[in-house]
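Student: The structure is given below, and queries will be raised subsequently.
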Amino acid sequence: MDNNTQKIIFVQNQFSIILLGWGLISILMGATLFYFNNDFIRGIGTQFLAWGLVNSLIGIFVILRKSQQNSKKLAKILLFNSFLDLIYLSVAIVLIFEIFINGDSSVGHGFGVLFQGFFLLILEMYYGIRILRI
């Protein structure tokens, strides 16, 4: 196995562990916030639960798969996901400013999407660029 392959596997494992950790923390936060008797906080909690489950499953899948992605393909996937994160951030803005739906719950969902989407944007863009440089 050449040095670049080892670097790509290391970066892929690092990314998936961070994503799994973020997902588990999000699930814990979401479950905690969901029990508050406030629509705004429950909206945030719902988003944290949903995103946490998805991120945890993706992280577990990548860890268990134990195969190396083609570096260009993996970088393209991460950078495409960064583009999707920008769409999620746009949806968050729509929810926060109550453009279509009114209420504290809408604003809470918006802030939940904003927080999760912003973290994923930074993570996926960083690792996408990092893999391209290998």
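Student: Take Asn3 and decide whether it is of a type outside the set (Ser, Thr, Tyr), surrounded by fewer than 19 Cβ atoms within 10 Å (Cβ to Cβ), modelled with pLDDT of 90 or more and over 23 Å from Leu114 (Cβ atoms). Spell out how you get there, then give the answer.
Tutor: On the way: of a type outside the set (Ser, Thr, Tyr): yes; surrounded by fewer than 19 Cβ atoms within 10 Å (Cβ to Cβ): yes; modelled with pLDDT of 90 or more: no; over 23 Å from Leu114 (Cβ atoms): yes.
So Asn3 fails the test.
Student: Applying the selection to segment 60-76, what residues are surrounded by 14 or more Cβ atoms within 10 Å (Cβ to Cβ) and part of a helix (DSSP H, G or I)?
Tutor: Passing the criteria: Ile60, Val62, Ile63, Ser71, Leu74, Ala75, Lys76.
Student: Can you name the residue in segment 61-88 that is of a type in the set (Ser, Thr, Tyr) and more than 13 Å from the chain's Cα centre (by Cα) and is also modelled with the highest pLDDT among such residues? If you could, list the steps in order and put the result at the bottom.
Tutor: Within segment 61-88, the subset of a type in the set (Ser, Thr, Tyr) is 67, 71, 82, 88.
Right, trim to more than 13 Å from the chain's Cα centre (by Cα) and you get 67, 71.
Values: Ser67: 69, Ser71: 82.
Only one residue fits best here, namely Ser71.
Student: What number of residues in segment 97-134 are hydroxyl-bearing (Ser, Thr, Tyr) and surrounded by fewer than 19 Cβ atoms within 10 Å (Cβ to Cβ)?
Tutor: Step one: list which residues in segment 97-134 are hydroxyl-bearing (Ser, Thr, Tyr), which gives 105-106, 126-127.
Within this subset, residues satisfying the condition of being surrounded by fewer than 19 Cβ atoms within 10 Å (Cβ to Cβ) are 105, 126.
Counting residues in segment 97-134 that are hydroxyl-bearing (Ser, Thr, Tyr) and surrounded by fewer than 19 Cβ atoms within 10 Å (Cβ to Cβ) gives 2.
Student: When you scan segment 37-59, how many residues do you find that are over 16 Å from Phe111 (Cα atoms) and surrounded by fewer than 17 Cβ atoms within 10 Å (Cβ to Cβ)?
Tutor: Residues of segment 37-59 that are over 16 Å from Phe111 (Cα atoms), as a first pass: 37, 53-59.
Right, trim to surrounded by fewer than 17 Cβ atoms within 10 Å (Cβ to Cβ) and you get 37, 53-54, 57-58.
Residues meeting the conditions: 5.
The values are calculated or read from the model by the stated rules, or taken from the named source; none is laboratory data. Quantities reported herein were computed from a predicted structural model and do not represent experimental measurements. FYI the Cβ positions are ideal-geometry reconstructions off the backbone, even for glycines, and counts take in every protein chain you see.
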